[in-house]
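To start, the structure itself, in structure tokens.
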Ligand code: ADP
Ligand code: MG
């Protein structure tokens, strides 16, 4: 079963781009995204090795650049397309992971968290989760337990965004449980009963996120944020009591731009390096998994030993169980529509293209002996 979906989403031109008189260079048709390089003259032949347009096919191409366009995709539609899938998996007992990848200012946080009155995937998934829980509880189908945690990886260090005030540590250790996989030691987990509980925690965590001004965008976040929902269902109806645990990781990655593109120096540069280390490793992990899945579908290929370098970065180690085998993975690559961001946008489109080939075989996390 193919369980990796890759979506690309283009946002509207922002003020800065309009002020620069930037040109719109992204077009989308069905699931295809085309980028135009305005520096290559129209009608240029392949002789120069440069084409004017490049087209990529993804699972979804979301045109969110103009609300007046008939093909406009709003937050609600992204949720219906991708978020509902995540919820379905969680209730079936699978792990799921959604991550937003892209240049700073391209719409990662907008897609994941959203704005006031224009909620993104995380709040919509949480809301959907609780409405389904209350439906099922009314029908006495099962009992549920939901816990959330929210952390940030900054400079390859893990910080709890929901820690109690008294706790001092902001460099938590990652450990690996032989059965349950990697986890963060001493990370706070918060039991939530309804959407209002989650909303409060989300707000508190967002305020705690490390943001630092860079040349690109003053509110740009230089960290990876992972919002995790631990979801347990206990079934009564079978003869044996049975508990199913699913994890949903919702990941807002740090900006994918190279440190040098933002005029970063000193400390900023070091941060940039580490952020890229996590993103580069994520790319390598994804590509290794793509190799593995191609081997699995090709009966003629010899069994290759492919090393998946999960441990090379904190991000990939933590996401290990959401990026292979036991999980459903969704990647949303967010892009700017403007020619001034051509280089970064092309690199995002290529990165997303690499992720397409992963095929996971999810297994249900069911333990009939509890
Ligand atoms: P990132 O998290 O990738 O740095 P943001 O999500 O903060 O970027 O987006 C930058 C700005 O653009 C924000 O003001 C955000 O509200 C706006 N924005 C991003 N994507 C969209 C979109 N699809 N529609 C409308 N506004 C958007
Ligand atoms: Mg952001």
Could you give every pair whose Cβ atoms fall below 6 Å, whose first residue belongs to segment 146-162 and is more than 25 Å from residue 128 (Cβ to Cβ), and whose second residue is assigned to a loop (DSSP other than H, G, I, E, B) and modelled with pLDDT of 90 or more, counting only separations of at least 6 or pairs across chains?
160/187; 160/188
Quick one: count up the residues across segment 79-132 that are assigned to a loop (DSSP other than H, G, I, E, B) and away from ligand 2 (no atom under 16 Å from the Cβ).
3
Report, ordered by the first and then the second residue, all pairs with beta carbons closer than 7 Å, sequence separation of six or more or different chains, a first member in segment 79-104 that is buried (at least 21 other Cβ atoms within 10 Å of the Cβ), and a second member that is modelled with pLDDT of 95 or more and assigned to a loop (DSSP other than H, G, I, E, B).
103/336
Please enumerate the residues belonging to segment 220-237 that are modelled with pLDDT of 85 or more, within 15 Å of ligand 1 (Cβ to nearest atom) and in contact with a helix residue (DSSP H, G or I) (Cβ under 6 Å, 6 or more places away or on another chain).
224, 227
For residue 217, work out the one condition from (1) modelled with pLDDT of 75 or more; (2) out of contact with any strand residue (DSSP E or B) (no Cβ under 7 Å at 6 or more places or on another chain); (3) part of a loop (DSSP other than H, G, I, E, B) it doesn't fulfil.
(1)
Can you tell me which residue within segment 336-370, out of those that are under 14 Å from the mean Cα position of the chain (by Cα) and within 18 Å of residue 26 (Cβ to Cβ), is modelled with the highest pLDDT?
348
Could you list, in sequence order, the residues of segment 124-140 that are at pLDDT below 95 and within 14 Å of residue 78 (Cα to Cα)?
none
From the set of residues in segment 96-113 that are modelled with pLDDT under 95 and more than 12 Å from the chain's Cα centre (by Cα), which is farthest from residue 16 (Cα to Cα)?
103
Checking residue 82 against (1) under 17 Å from residue 228 (Cα atoms); (2) more than 16 Å from ligand 1 (Cβ to nearest atom): exactly one of these is not met. Which one?
(2)
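The values are calculated or read from the model by the stated rules, or taken from the named source; none is laboratory data. Since we're looking at a predicted model, the values are computed, not measured. Backbone-built Cβ (ideal geometry, glycine too); neighbour counts: all protein chains shown.
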